[in-house]
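The values are calculated or read from the model by the stated rules, or taken from the named source; none is laboratory data. Keep in mind it's a predicted model, so treat the numbers as computed, not measured. As a convention, Cβ positions derive from the backbone with ideal geometry for all residues, glycine included, and neighbour counts pool all protein chains shown.
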Amino acid sequence: MDPVGLSGYLTVGAVLFVCGVICMATKRNAVGVLMGVELVLNGANINFVAFSRHTALGLDGQIASLFVIVLAAAEAAVALAIVLNFYNNHLTIDVDRAVELKG
Amino acid sequence: MSVPELLNHVLHTDLPRSVQIFAPELVLCVTIIALLLVRMLKWHHKFPTSWVALFGTLAAFVGVFAQFMYMKTGGELPQMRELFEFWGLTQAGVGTAGEYFTGLLVHDPFAVFFRLGLVLFLVLVQALTILTGIPDQEDGQDFYTLMIGATIGMMLACGANNLLMLFMAVEMMSVPSYAMVGFLKGRRLSSEAALKYVVYGAGIAGVMVYGVSLLAGVLGTLSIPELGSRFELLMGDQPFSLTNPTAVATALGIMLVVVGLAFKLSLVPFHFWCPDAFEGASAEVGGFLSVASKAAAFALLVRFALAFQGSGEAIQTLCLIFGISLGVVSCLSMTLGNLAAYTQTNLKRLLAYSTIAHAGYMVMAISALMVLLSGSADPVDSAACVEGLMYYIAVYLFMNLTAFAVVAFVRNETYREDIEAYNGLSAGGPMTKLLCFCLLIAFVSLVGLPPMGGFFGKFAIFASALKAGSVHWFLWVVLAIGGLNTVFSLFYYLKVLRAVFILPSADESRTVEIPGFNGAYVALITLPILALGMSWVMGDLTATAHDVAAYLFH
């Protein structure tokens, strides 16, 4: 069996990226939008790791993916706290109901 | 190099130099820890924690200032010798520009200039929050922890030399900002503003890191200064075309990274969060975000843009496309920002649209820079673009802070932020009259009328756009739209000034009295706007900006 080449990994990364963007654009639930963000970040991570295996990027790519994982966790923690704060004030986490600020 | 040799080099050469350059940031980190300890030991009932934050930030400011003077004079300044010795500055450390922390960050006059501005701004904003009392005694530590943390991220952004550092810095300045926007407890608008900011911000950060992964993979490096040469190497003699995979992937990566930075700069079409976040957040936080995170994002954008200079045909085409796209974004931001500001009734929202328009003016400088680079221009002309941008940011720091400080002080007296609340404001006591006069100066400078600092910043940027127009005619279009927008912007600033000075107050018997300290603070931060327009300070700043910008192109 042939080993999976670089383009295979990149395709998976691109599919994850597109899924994430669609998820961010269409989900009305704030937690759903944040899950879309995670998909996009993991699409980038697959790219990083695949490039580190197959190109001159080397170990830098793997280190970058580790940092992205850590930052994603930090960002998710703050984002969930803000979503909870929104829920306490509005009793909903539907992003379409956040319409008081406009103009 | 073997592993022990590498470790030896890092420990004995790289680390002492890095720590010396990084000392002000370390002082800020220690301040954060001190703030957290204050909470743990329950000292915040005994003395105001804001003083801990202010003291730490002032120490960091002195540190960066010493570095700045050391680099400027080469350490030959007898009056400051003790200060240099205190911070342990040496010729091999701070005196030498170059990479530190094994190439993740870079130390040069440009980075030091922006770090100095950011810490100075942090000191001023902290003084403002102490005067307005926006974080109460219970929450002070958390608020200042977030604010100092965001500033450390911004200072890292100024020296970013690696794509990973670029992403880390953007995240480090964004994540505390989300929490700061939602800091007003129990307010519906504040929580909504924070939700919108975090949802947009997290999404754009994901898009940006995908762009970073593409760039890093295609060009095979994370180091920002090497990006351009790697691209030239890969392209060889081939022209830039949309059928070449390297060209397409690189252009896509650049586009996604610029989208991330454009979000931080609130450029159209990534500006949706800005008016909402500013209206929901307190005026102090709005002022902090509008100046500090923008200055840092501009420093990053300049570094990223300068990576793509080269003499090959492909890279010059890439620069031209990059420059013209930024020109289009600049036109859109200026026009939309100014038109939307006109219909606003909330002053914070009006100022938010005004910052979008100003980001448009500033990005014109980078657009001009890229177009000039695409034509192998004289380095002096390219440096003039960065010089104009730096002058504009320096003046913008003071004029925008003045405007937001006035909003905060008036809110403390009237509990309102709509423009109607400003009717007949100038009928108040002497301090209120002083406040109104300062607002007048700040707005005249924001419009860009001659005697104020704002005029000279705008003039310098317009002059570089005029020069870039000779490489590609599109910059003349951008320049014309910029000129028209300056005229548009006059109207909405005048609308506010009309309310303040001409319209009668709804309730004649009740006038607004501003406490003496607050009036003095606003007068203090208004002075630099005047000084940067019509005194010797202007020449000083121009000369400094000129030297700093020239260093980037040597």
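Looking across region A:1-58, the residues that are closer than 22 Å to A:ALA98 by Cα and part of a loop (DSSP other than H, G, I, E, B) come down to A:LYS27, A:ARG28. Here region B:497-515 is the region considered, the condition is being modelled with pLDDT of 85 or more and in contact with a Ser or Thr (Cβ under 8 Å, 6 or more places away or on another chain), and the residue that is surrounded by the fewest Cβ atoms within 10 Å (Cβ to Cβ) is B:PHE501. Scanning region B:95-121 for residues that are hydrophobic (A, V, I, L, M, F, W, C), touching a Phe, Trp or Tyr at 6+ places or on another chain (Cβ under 7 Å) and either assigned to a strand (DSSP E or B) or under 17 Å from B:VAL10 (Cα atoms) (or both) gives no hits. Out of everything in region B:333-369 that is more than 16 Å from B:LEU261 (Cβ to Cβ) and among the small types (Gly, Ala, Ser), what residue ends up being farthest from the other protein chains (Cβ to nearest Cβ)? That would be B:ALA368. A single entry from B:GLY88, B:GLY95, B:GLY56 fulfils the requirement of being more than 14 Å from chain A (Cβ to nearest Cβ), in contact (Cβ under 8 Å) with a residue 12 or more places away in the chain and touching a Ser or Thr at 6+ places or on another chain (Cβ under 7 Å): B:GLY56. Mind checking which residues of region A:20-51 are more than 19 Å from A:SER65 (Cα to Cα) and in contact with a helix residue (DSSP H, G or I) (Cβ under 7 Å, 6 or more places away or on another chain)? Passing the criteria: A:VAL21, A:CYS23, A:MET24, A:LYS27, A:ARG28, A:ALA30, A:VAL31, A:GLY32, A:VAL33.
Exactly one residue out of B:SER191, B:SER177 is in contact with a Phe, Trp or Tyr (Cβ under 7 Å, 6 or more places away or on another chain), of a type outside the set (Lys, Arg) and either under 17 Å from B:GLU279 (Cβ atoms) or modelled with pLDDT of 95 or more (or both), and it is B:SER191. Taking helices (runs of 4 or more DSSP H) as the structural unit, those lying wholly within region B:423-537 and holding at least 1 residues that are within 21 Å of B:TYR361 (Cα to Cα) and touching a Cys at 6+ places or on another chain (Cβ under 7 Å) correspond to B:453-468, B:474-501. Residue count for region A:54-81 satisfying the condition of being within 7 Å of another protein chain (Cβ to nearest Cβ) and out of contact with any Phe, Trp or Tyr (no Cβ under 6 Å at 6 or more places or on another chain): 9.
Do the conditions hold for B:VAL258, that is, is it in a helix (DSSP H, G or I), within 10 Å of another protein chain (Cβ to nearest Cβ) and either within 20 Å of the chain's Cα centre (by Cα) or β-branched (Val, Ile, Thr) (or both)?
no
Only one of the numbered conditions (1) more than 10 Å from chain B (Cβ to nearest Cβ); (2) exposed (fewer than 14 other Cβ atoms within 10 Å of the Cβ); (3) under 13 Å from the mean Cα position of the chain (by Cα) is not met by A:MET35, and that is (2). For A:PHE86, the criteria (1) assigned to a helix (DSSP H, G or I); (2) without any contact (Cβ under 8 Å) to a residue 60 or more places away in the chain; (3) closer than 22 Å to B:VAL207 by Cβ hold in every case but one, which is (3).
The requirement of being touching an Asp or Glu at 6+ places or on another chain (Cβ under 7 Å), assigned to a helix (DSSP H, G or I) and within 13 Å of chain A (Cβ to nearest Cβ) is fulfilled nowhere in region B:226-241; no residue meets it. For region B:129-148, indicate whether the set of residues that are at the interface with another protein chain (Cβ under 10 Å from one of its Cβ atoms), in a helix (DSSP H, G or I) and charged (D, E, K, R) is non-empty. No, that holds for no residue.
Taking the stated definitions as given, is B:SER229 surrounded by 21 or more Cβ atoms within 10 Å (Cβ to Cβ) and among the hydroxyl-bearing types (Ser, Thr, Tyr)? No; evaluated as a whole, the condition is false for this residue. From the list B:MET399, B:MET431, the one residue that fits, being in contact (Cβ under 8 Å) with a residue 40 or more places away in the chain, of a type in the set (A, V, I, L, M, F, W, C) and crowded, with 24+ Cβ neighbours inside 10 Å, is B:MET399.
Note on region B:516-529: residues that are within 15 Å of B:ALA394 (Cβ to Cβ) and buried (at least 17 other Cβ atoms within 10 Å of the Cβ) total 4. The residues of region B:216-254 that are in contact (Cβ under 8 Å) with a residue 40 or more places away in the chain, small (Gly, Ala, Ser) and under 14 Å from A:THR55 (Cβ atoms), listed by number, are B:ALA216, B:GLY253. The residue that is surrounded by the fewest Cβ atoms within 10 Å (Cβ to Cβ), among those in region A:82-102 that are within 7 Å of another protein chain (Cβ to nearest Cβ) and more than 12 Å from A:ARG28 (Cβ to Cβ), is A:GLU100.
Among the residues examined, A:LEU16 qualifies as at pLDDT 95 or above, more than 8 Å from every other protein chain (Cβ to nearest Cβ) and either buried (at least 17 other Cβ atoms within 10 Å of the Cβ) or on the phi < 0 side of the Ramachandran plot (or both).
Step by step: first the residues of region B:200-212, then only those that are facing chain A (nearest Cβ under 8 Å) and in contact (Cβ under 8 Å) with a residue 40 or more places away in the chain, then the one that is surrounded by the fewest Cβ atoms within 10 Å (Cβ to Cβ). Which residue is that? Steps first, answer last, please.
Pass one, region B:200-212, residues facing chain A (nearest Cβ under 8 Å): B:202-203, B:205-207, B:209-210, B:212.
Within this subset, residues satisfying the condition of being in contact (Cβ under 8 Å) with a residue 40 or more places away in the chain are B:205, B:207, B:209-210, B:212.
Working: B:ALA205: 25, B:VAL207: 22, B:VAL209: 32, B:TYR210: 28, B:VAL212: 24.
Filtering region B:200-212 for residues that are facing chain A (nearest Cβ under 8 Å) and in contact (Cβ under 8 Å) with a residue 40 or more places away in the chain, the one surrounded by the fewest Cβ atoms within 10 Å (Cβ to Cβ) comes out as B:VAL207.
Checking each residue in region B:334-382 for being among the charged types (D, E, K, R) and not in a loop (DSSP other than H, G, I, E, B) picks out B:LYS348, B:ARG349, B:ASP381.
Looking only at residues of region B:177-196 that are of a type outside the set (Gly, Ala, Ser) and facing another protein chain (nearest Cβ under 8 Å), we find that the one that is nearest to B:PHE298 (Cα to Cα) is B:TYR178. Quickly run through region B:50-103 and pick out the residues that are among the aliphatic types (A, V, I, L, M), over 22 Å from B:LEU35 (Cβ atoms) and surrounded by 13 or more Cβ atoms within 10 Å (Cβ to Cβ). B:ALA66, B:MET69, B:MET71, B:LEU77, B:MET80, B:LEU83, B:LEU89, B:VAL94, B:ALA97, listed by residue number.
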